[in-house]
Every structure is written in C-alpha cells, then in structure tokens.
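Reading through the structure tokens given below for one structure.
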Amino acid sequence: SAPLGREYALASGLMEITYKSGARVILEGPCAYKVDSSAGGFLAIGKLTANIRTQSSMPKAQSSDFSPLPPLSSPLFSVRTPTAIITDLGTEFGVEVSKEGNTTSHVFSGSVKVAVLADSGNEEAGREVILGENESALVRHGKDAEDRLIVMRDPAPGKGDRFVRSLQSKSAETVRIVEKFASGKLGAAFEQMPPGRYVIVPGAAEHPRQEPLAPQGRQTRGYIRTVAADFCDRDFVFEATFQVHFDGPAHVPGTPSPHHVFFGLGDGVPNADYYDVVTCGLVLEFTADTGELLVRFRHPESKLHRPGDLGRTVTEMAPPGSPRPGRHRFRMSVTGKSVTFAVDADFDGEFQPDFVSRPIHLLAAGPSLLDATNSRLLVGTGNCDAMTVRFEELSITYVETKPQKKHNEDNQ
C-alpha cells in the first residue's frame with residue numbers, strides 16, 4: 001500500500017501505487033506526487049490516472065475488527081493540485097498539472113467534483129463543478145476568478161487518450177506456449193543444453209540412465225531451456241509437469257550425489273566447476289531423496305570445494321520429507337520484479353498448490369547478474385543413476401508487446 005508521506009518524483013516512465021482502500025493511481029513521468037493522506041495525495045506537476053474501487057467491492061471486516069463505536073463514513077478519495085481539488089464520487093479519472101500550474105481533469109467513468117483553489121490554497125466559494133463521464137474541466141492559474149474554470153461538457157475526441165489507464169500496453173497480446181513433446185522432438189521455443197542430453201519420446205523428455213559415479217565435480221546434468229533469453233524483462237507464468245521415481249536405492253546422506261530436479265529462471269548452462277548445477281539463475285531445487293524444496297540463487301563464482309559455497313538459499317518452501325517422488329507440477333509467477341514459486345505435489349490434472357514461497361524480489365535475489373542475454377526459463381535434472389525423471393509438459397504464458405514480437409520474429 002502507499003505509505004503516508006511518501007513522495008514520488010518520476011523523471012520519466014510509469015509507476016502504479018495502491019492505497020489500502022483499493023484505490024489505484026498510475027503516475028506518468030515527469031511528475032511529482034505526494035501521498036498526503038490515506039485517501040489521496042498532492043500532484044505538483046505531471047499526470048496521473050486514478051481508479052477507485054467502490055466500497056461494495058472491498059473485503060468485509062472480520063469479527064476481530066468489531067468496534068462498539070458507530071462506523072465513520074469513508075473519506076472520499078481526492079487529488080489536490082496547486083489550483084484545484086478533484087474529489088472522487090465513484091469513478092476513474094485523470095488529472096494533469098502543467099508547469100504553469102494549470103489543472104486539467106478528465107472523467108473516464110462515474111463522476112468527480114472539481115473545486116477551484118484560491119492563491120491561499122482554500123476553496124473558492126461557489127467555484128466548483130460536477131463532471132460526468134467523458135467530461136473535462138480546466139482550472140487555469142493566475143486568471144481572474146470568473147475566467148479560471150473552463151468546463152467541457154461535450155466529449156472531445158482523443159481527450160482521454162493523453163492519460164495512461166493501464167500499465168499493460170495497448171499493443172500487448174497474451175502469448176501461451178505449451179510443449180507436450182507429442183511429436184517426439186522439441187518445439188521451436190525450447191532447446192537442450194548441452195545438446196542431446198535428453199531423449200525426447202512421444203509425450204515426455206527423459207534423462208537417460210548413467211553410471212553411478214560421474215567424474216568428480218560433474219553430474220552429467222542437463223537442461224531444457226527457452227530459446228528466448230529475456231524473461232527477466234517480462235511478466236509471465238511458467239509451469240512444468242514431471243514424474244520422478246527411483247529405480248534403486250536413493251541417495252545416502254553424506255555422499256556427494258543427491259538427486260535433484262531444477263526449475264526456474266537462468267542461463268541453463270551446467271557449471272562444470274560445481275556439479276553441473278545452473279551457472280547463473282534463480283532456481284527452485286527439488287531434492288527427491290529428502291523431499292526438500294529450496295529456492296536458491298546460483299552464481300558463476302561457485303566452485304567445487306570452496307567451503308560453504310552451495311549457492312545462496314533465498315527461501316525454504318518445504319521442510320525435508322514433504323514432497324516425495326511422484327508426479328508434480330511446479331509454477332513460477334513473475335509480475336514486475338516480484339517472483340513467487342508454487343508446487344502441487346501429486347498433481348492430478350488441476351493445479352492446487354501444496355507449497356507456496358514468499359514473494360521474492362528478483363533484483364534482491366540476484367542483483368545485476370540476470371539480464372536480457374541469460375534469462376531463460378528452464379527445467380533440468382541429472383545424476384540419474386537410480387532416478388528416472390520424465391518431463392511431461394512445459395507451459396509459458398506471458399504478455400508480449402508488438403515491438404517485442406517484431407524483434408523476436410526478426411531473430412527466428
């Protein structure tokens with residue numbers, strides 16, 4: 001929620017802030033905005049769009065919120081500027097303050113009250129107007145009282161287009177990629193690293209069996225990863241369905257070869273100096289022997305035999321002994337730079353998460369290491385001396401803008 005007293009100064013770009021009431025405000029730079037109450041703020045310069053949820057759409061108070069006092073009426077959301085106060089009456093509206101201090105208000109839906117402010121900052125008596133859908137008003141700075149307020153009742157074509165009403169581009173489209181390995185080979189969206197590590201059979205990608213002991217520091221792990229490498233800059237949902245079972249004795253604690261399944265965002269390149277784990281990435285690691293679920297950030301500097309260098313554990317999703325071998329579905333959701341992992345153990349066709357991570361900030365987890373050249377979506381495994389892993393389905397849903405789409409087509 002928007003912290004009281006917080007000031008936002010944007011040189012360019014967009015930012016969305018949300019109030020506890022549910023009101024959402026999109027700021028468009030260059031602008032300066034201050035949250036001066038729990039129901040509004042002061043726009044010194046620039047543009048914003050406010051979308052106010054009605055009281056009926058807010059969550060109902062729980063019994064623990066009971067008070068013997070009569071409830072107070074909810075304060076109306078308002079935006080102050082140097083020349084006006086725009087008060088919400090249940091609506092979506094835009095406000096723009098020019099460098100001269102002029103205030104333009106436009107209503108997309110519902111209605112607002114626009115009150116003219118005198119130079120003293122107080123409302124001018126009788127100088128207010130109610131605006132309805134597609135109506136606008138201009139409050140001019142430095143003019144005589146009778147000339148300060150100009151109301152435009154007739155819808156003006158393109159008047160509302162000057163405001164950004166959503167952080168999702170109008171030219172965006174939702175893309176969904178599903179890989180079910182039905183043709184016996186990988187589709188164009190995915191590739192193997194290293195090539196040939198997996199056997200693609202109808203309906204699954206399998207890691208072949210291997211000798212129990214790999215060369216020291218190597219576990220013959222390999223990855224199936226996206227060809228696109230810029231997912232650090234996209235909002236997406238990535239899911240993988242796979243089966244794990246043991247064909248012999250599982251890992252013995254204290255020996256160097258546990259059995260892992262990897263899932264997440266990173267380069268998908270085996271680190272030859274560190275058991276062939278992902279060289280760089282934010283990865284959910286499932287240890288099938290013990291049932292552990294750990295989100296780790298793997299970094300290129302990891303080296304074999306360096307004390308304590310296991311990759312930084314970001315969060316523990318489940319204690320040992322939780323998920324066991326079986327059929328599971330993993331999900332990674334990214335919005336902005338916020339990342340959440342979820343796991344449905346014993347997946348039966350409808351995703352019902354048994355374990356969910358806390359929100360993880362991508363830049364805090366792996367600062368400056370993931371960029372548009374190494375941010376692939378990936379799954380992987382290896383060390384399959386006694387374990388069989390079958391990846392049955394990979395799916396990605398993300399929003400792609402037309403410029404991104406054109407760039408991707410040019411590079412195919």
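The values are calculated or read from the model by the stated rules, or taken from the named source; none is laboratory data. Being a predicted model, the structure only gives us computed values, none of them experimental. Every residue, glycine as well, gets a Cβ built from its backbone with ideal geometry; the counts of neighbours run over all protein chains shown. These accessible areas exclude ligands, DNA and RNA; they are computed on the full protein's heavy atoms, side chains included. Shrake-Rupley method; radii C 1.70, N 1.55, O 1.52, S 1.80 Å.
Take the residues in the stretch 211-243 that are under 16 Å from residue 286 (Cβ atoms) and not in a strand (DSSP E or B); name whichever of them is modelled with the highest pLDDT. It comes out as 221. With respect to the stated conditions, residue 330 is under 18 Å from residue 221 (Cβ atoms) and at pLDDT 90 or above. From the list 116, 178, 112, the one residue that fits, being among the hydrophobic types (A, V, I, L, M, F, W, C), touching an Asp or Glu at 6+ places or on another chain (Cβ under 8 Å), at pLDDT 80 or above and open to solvent by 50 Å² or more (accessible area, probe 1.4 Å), is 178. Scanning the stretch 354-387 for residues that are modelled with pLDDT of 85 or more, within 20 Å of residue 268 (Cα to Cα) and not hydrophobic (A, V, I, L, M, F, W, C) yields 371, 373, 374, 375, 376, 380, 381. Annotation: residue 246 fulfils all but one of (1) modelled with pLDDT of 90 or more; (2) more than 26 Å from residue 370 (Cβ to Cβ); the unmet one is (1).
Would you point out the residue of the stretch 6-25, among those that are over 14 Å from residue 77 (Cβ atoms) and among the aliphatic types (A, V, I, L, M), that is least open to solvent (accessible area, probe 1.4 Å)? If we take residues in the stretch 6-25 being over 14 Å from residue 77 (Cβ atoms) and among the aliphatic types (A, V, I, L, M), then 10 is least open to solvent (accessible area, probe 1.4 Å).
Can you run down the residue pairs with Cβ atoms below 7 Å, 6 or more apart or on separate chains, where the first is in the stretch 169-180 and of a type in the set (S, T, N, Q) and the partner is open to solvent by 40 Å² or more (accessible area, probe 1.4 Å) and modelled with pLDDT under 90? Pairs found: 171/402; 174/399.
Of note, residue 47 does not satisfy the criterion of being open to solvent by 10 Å² or more (accessible area, probe 1.4 Å), more than 32 Å from the chain's Cα centre (by Cα), among the charged types (D, E, K, R) and at pLDDT 90 or above.
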